[in-house]
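Input: a single structure, listed below in structure tokens.
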Amino acid sequence: MEKQVLEWGIETNEKGHRANSYLYCAETDCPECGYKLPLSPSWIIGKGTKTIAVLKDNGKDGFDIEIQSGVSDEALKRADEMATVRDGNTWCPQCKKSVPITVLRKDRKGDNGEMLSGLRPWGKTEFLPRPDDVFRERLYCVRYEYEEQYLASNGEWKSKTIRYYQTPTPQDMVREKKVEQLLAGRFVDWQNKGFIPNTEIETGLETARLTRERGWRYWHQLFNPRQLLVHGLFINKALSLNPSRQEVILILLGINKLSNWNTKLSRWNSDAA
Ligand SMILES: [Zn+2]
């Protein structure tokens with residue numbers, strides 16, 4: 001699996017550094033001014049590394065997102081105050097107006113008193129939002145790491161892991177596209193083989209929210225293309241090794257762990273970053 005990911009080059013940048021985290025946010029159109037509005041309850045990425053995302057007006061229709069590390073305490077505080085999701089409302093730095101998210105989704109009551117929304121329900125083979133959907137997904141930060149050799153005080157060479165955050169470069173975006181294409185070429189086959197989820201979300205109190213609040217109707221839609229590609233590849237490679245019954249159990253435990261940690265609903269923990 002590792003070999004395949006390296007061969008595809010989907011996690012390695014031009015310097016040979018390996019990405020170990022990709023941060024995505026939802027993006028919507030501000031109903032008040034029409035600007036494309038990235039959504040997050042805080043723009044602090046790492047409290048330890050003092051890393052923040054700064055929204056900068058692109059002068060035409062939305063915001064560039066600039067990643068800065070090692071910033072001052074005031075900048076850190078400002079990044080928190082620039083939250084674009086606050087108590088169930090959006091807040092737009094361009095027009096300074098707030099809109100309830102329920103209004104964005106066009107929430108309403110159905111005939112039987114059930115809550116419905118106006119979001120487009122995603123189809124079975126869809127794994128990406130459409131450009132005209134209320135909520136799109138945007139990659140806004142990548143964390144890379146590499147090993148650095150250094151001469152220790154006792155005269156021995158040692159190595160330490162250096163991690164850094166950066167604004168996605170054009171090459172990062174090319175790699176995102178490549179991931180989407182690689183997945184698209186395997187999607188139906190992998191769904192049929194069960195390497196990636198293929199079932200509809202049954203309606204329950206909690207699960208109904210996924211459709212109402214996100215438009216997701218199938219379990220695989222809880223994952224973005226990069227997550228689906230890596231999960232599918234993991235199962236595909238593992239099963240191709242003719243595993244024993246016991247090994248299959250380990251594979252399933254592995255994939256369960258991946259799925260719990262690595263979904264679009266997982267929240268980034270800035271305390272530990
Ligand atoms: Zn606005």
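List of remarks:
- Distance (nanometres) between label positions extended 7 Å along Cα→Cβ at K36 and Y164: 2.6
- Sequence of S244, S40 from largest to smallest accessible area, 1.4 Å probe: S244, S40
- Surface share of carbon and sulfur [accessible, 1.4 angstrom probe, percent] for region 2-272: 51
- Highest average packing first - 150-157, 15-22, Cβ atoms within 10 Å: 15-22, 150-157
- Relative contact order for region 2-272, counting Cα pairs under 8 Å that sit 6 or more residues apart, in percent: 19
- With q set to 0.10, 0.12, 0.15 Å⁻¹, the log10 of I(q)/I(0) for the chain, from the Debye formula over equal scatterers at the Cα positions, is -0.62, -0.88, -1.29.
- A Cβ-based charge dipole, computed about the Cα centre of region 2-272 with Lys and Arg at +1 and Asp and Glu at -1, lands at about 260 debye.
- Residue-averaged 222 nm ellipticity for the chain, from DSSP H runs of 4+ at -39500 (n - 2.57), nearest 500: -10000 deg cm²/dmol
- For a 4.7 Å threshold on C-beta separation, the list of partnerless cysteines in the chain reads C25, C141.
- Estimated D of region 141-247 in µm² per second, where Rh is the Kirkwood radius over Cα pairs and Stokes-Einstein applies at 10 °C, 1.306 mPa s: 91
- Sparsely packed loop sites in region 126-234 (the trypsin sites (Lys or Arg not before Pro) outside DSSP H, G, I, E and B with at most 14 other Cβ atoms within 10 Å) do not occur.
- Choice from G34, G48, G59 showing the highest fluctuation, given a GNM over the chain with Cα pairs closer than 10 Å: G59
- Region 221-264 and region 105-125 have Cα centres separated by 31 Å.
- Here the label points at K257 and K96, each 7 Å from Cα along the C-beta direction, are separated by 5.0 nm in the simple model.
- Normalised per residue, the accessible area of the chain is 57 Å², obtained with a 1.4 Å probe and no contribution from ligands, DNA or RNA.
- If the chain linking Q149 and L265 were pulled fully straight, counting 0.36 nm for each residue of separation and taking away their Cα-Cα distance, it would gain 38.1 nm.
- For the pair E74 and E14 in one chain, pulling the backbone fully straight at 0.36 nm per residue adds 18.3 nm over the alpha carbon distance.
- Sites listed here are GluC sites (Glu not before Pro) in region 190-258 whose DSSP assignment is loop and whose Cβ has at most 14 other Cβ atoms within 10 Å: E202.
- Separation in nanometres of the label points that stand 7 Å from Cα toward Cβ, at I249 and D57: 6.2
- Placing +1 on the Cβ of every Lys and Arg and -1 on the Cβ of every Asp and Glu, with nothing else charged, gives region 130-273 a dipole about its Cα centre of roughly 140 debye.
- Anisotropy class of region 8-127 from Cα gyration tensor, a/c 1.5 cut: oblate
The values are calculated or read from the model by the stated rules, or taken from the named source; none is laboratory data. Just so we're clear, the structure is a prediction, and the values are computed from it rather than from any experiment. No Cβ is skipped: glycine too gets one built from the backbone with ideal geometry, and neighbour counts run over all protein chains shown. The area values use the complete protein model at the heavy-atom level, side chains included, leaving out ligands, DNA and RNA. Shrake-Rupley method; radii C 1.70, N 1.55, O 1.52, S 1.80 Å.
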